[in-house]
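Student: Below is the structure I would like to discuss, written out as structure tokens.
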Amino acid sequence: MKEHIFSKALILIGFFFLTSCHFEHQESSKNKYIKLSENNKTKIVLKSLVNKKNFILWKTKKEKSFHVMKVWSGSKEQSCKNCHQGYSTKKMVGKFNKRSHWNITLKHDNLNGMSCKTCHDQKKVWTFKQGEKRIGANFSPNLCGQCHFKEKKDWILGAHGKRANGWQGERAIKSCTGCHNPHSPKFGKRHPRVAPYRPINNQERL
């Protein structure tokens with residue numbers, strides 16, 4: 001009888017300690033959650049997109065609009081116009097003009113099915129073909145998406161592509177040509193690199 005009473009007492013004591021520990025952990029978890037939430041709000045403010053002039057706003061019919069980092073500027077376009085304005089590529093002949101793009105090797109698909117004019121407009125080589133339309137280099141996903149439509153869909157939805165402003169705050173990403181060389185898009189073998197420096201104030205943000 002005494003042994004029975006003693007075991008009941010032990011069970012009650014154990015239950016008391018277990019429940020007290022449970023409530024203690026539950027309370028600390030709640031406080032930790034609140035603290036992490038507050039930190040998260042602070043980070044989102046710090047991660048806001050500051051220099052929006054370096055980005056274009058990408059609008060889609062179904063998904064929320066987001067920012068895409070520019071890869072092309074007016075000065076780059078003008079550098080093309082300096083030589084190509086008023087000339088078609090067929091008329092750009094001679095040793096000097098052939099050397100202008102000597103460092104470009106097209107390794108994008110089979111050369112039997114792809115050449116410079118596959119993407120570049122022949123009269124205005126600084127523009128690119130999207131069906132019958134002509135677009136600028138900052139809208140390269142519309143150009144690339146004509147062949148790489150699955151990758152474009154993943155890029156819009158966020159499964160493909162590199163973030164330009166971290167994962168918190170406004171969504172700002174790189175375009176296709178922001179990561180891939182359009183003339184040779186395949187990445188070679190590389191060694192792992194150290195994580196980039198993460199600035200902590202708005203002055204150092206993009």
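Student: If we keep just the residues of segment 39-88 that are at pLDDT 90 or above, in a loop (DSSP other than H, G, I, E, B) and of a type outside the set (Ser, Thr, Tyr), which is nearest to Gly178 (Cα to Cα)?
Tutor: Ranking the qualifying residues of segment 39-88, first place goes to Val71.
Student: Same structure again: Taking the residues in segment 113-132 that are in contact (Cβ under 8 Å) with a residue 24 or more places away in the chain and in contact with a helix residue (DSSP H, G or I) (Cβ under 7 Å, 6 or more places away or on another chain) as candidates, determine which candidate is farthest from His84 (Cα to Cα).
Tutor: Looking at the filtered set, the residue picked out is Cys119.
Student: Being in a helix (DSSP H, G or I), surrounded by 13 or more Cβ atoms within 10 Å (Cβ to Cβ) and either modelled with pLDDT of 85 or more or over 32 Å from the mean Cα position of the chain (by Cα) (or both), is that true of even one residue in segment 91-99?
Tutor: We begin by selecting, within segment 91-99, every residue in a helix (DSSP H, G or I); these are 95-99.
Still in the running and surrounded by 13 or more Cβ atoms within 10 Å (Cβ to Cβ): 97.
Add one more test, that the residue is either modelled with pLDDT of 85 or more or over 32 Å from the mean Cα position of the chain (by Cα) (or both), and what stays is 97.
Looking through segment 91-99, at least one residue is in a helix (DSSP H, G or I), surrounded by 13 or more Cβ atoms within 10 Å (Cβ to Cβ) and either modelled with pLDDT of 85 or more or over 32 Å from the mean Cα position of the chain (by Cα) (or both).
Student: Looking at the structure I just gave you, is Leu206 within 20 Å of Lys76 (Cβ to Cβ) and modelled with pLDDT under 85?
Tutor: Details: within 20 Å of Lys76 (Cβ to Cβ): yes; modelled with pLDDT under 85: yes.
Yes.
Student: Same structure, new question: Listed residues Ile104, Ile156, Ile173; which is more than 24 Å from the chain's Cα centre (by Cα) and within 18 Å of Val71 (Cα to Cα)?
Tutor: Numbers: Ile156 fails: more than 24 Å from the chain's Cα centre (by Cα); Ile173 fails: more than 24 Å from the chain's Cα centre (by Cα).
None of the other options fit; the residue is Ile104.
Student: If you don't mind, there's one more thing I want to ask. If I filter segment 103-112 down to residues being in contact with a helix residue (DSSP H, G or I) (Cβ under 9 Å, 6 or more places away or on another chain) and among the aliphatic types (A, V, I, L, M), which single residue comes out as surrounded by the most Cβ atoms within 10 Å (Cβ to Cβ)? If you could, list the steps in order and put the result at the bottom.
Tutor: Going through segment 103-112, the residues in contact with a helix residue (DSSP H, G or I) (Cβ under 9 Å, 6 or more places away or on another chain) turn out to be 104, 106, 108-109.
Filter once more, keeping what is among the aliphatic types (A, V, I, L, M): 104, 106.
On the way: Ile104: 12, Leu106: 14.
Residue satisfying both the conditions and the ranking: Leu106.
Student: Okay, next question. Limited to segment 176-192, what total is found for residues that are small (Gly, Ala, Ser), over 15 Å from the mean Cα position of the chain (by Cα) and surrounded by 13 or more Cβ atoms within 10 Å (Cβ to Cβ)? Don't jump to the end; show me each part of the working.
Tutor: So in segment 176-192, the residues small (Gly, Ala, Ser) come out as 178, 184, 188.
Next, from what is left, pick out any that are over 15 Å from the mean Cα position of the chain (by Cα): 184, 188.
Now drop any that are not surrounded by 13 or more Cβ atoms within 10 Å (Cβ to Cβ), which leaves 184.
The qualifying residues number 1.
Student: Hey, among the residues in segment 113-138 that are touching a Phe, Trp or Tyr at 6+ places or on another chain (Cβ under 8 Å) and more than 17 Å from His101 (Cβ to Cβ), which one's surrounded by the fewest Cβ atoms within 10 Å (Cβ to Cβ)?
Tutor: Filtering first and then ranking leaves Arg134.
The values are calculated or read from the model by the stated rules, or taken from the named source; none is laboratory data. Fair warning: this is a prediction, and the values are worked out from it, not measured in the lab. Every residue, glycine as well, gets a Cβ built from its backbone with ideal geometry; the counts of neighbours run over all protein chains shown.
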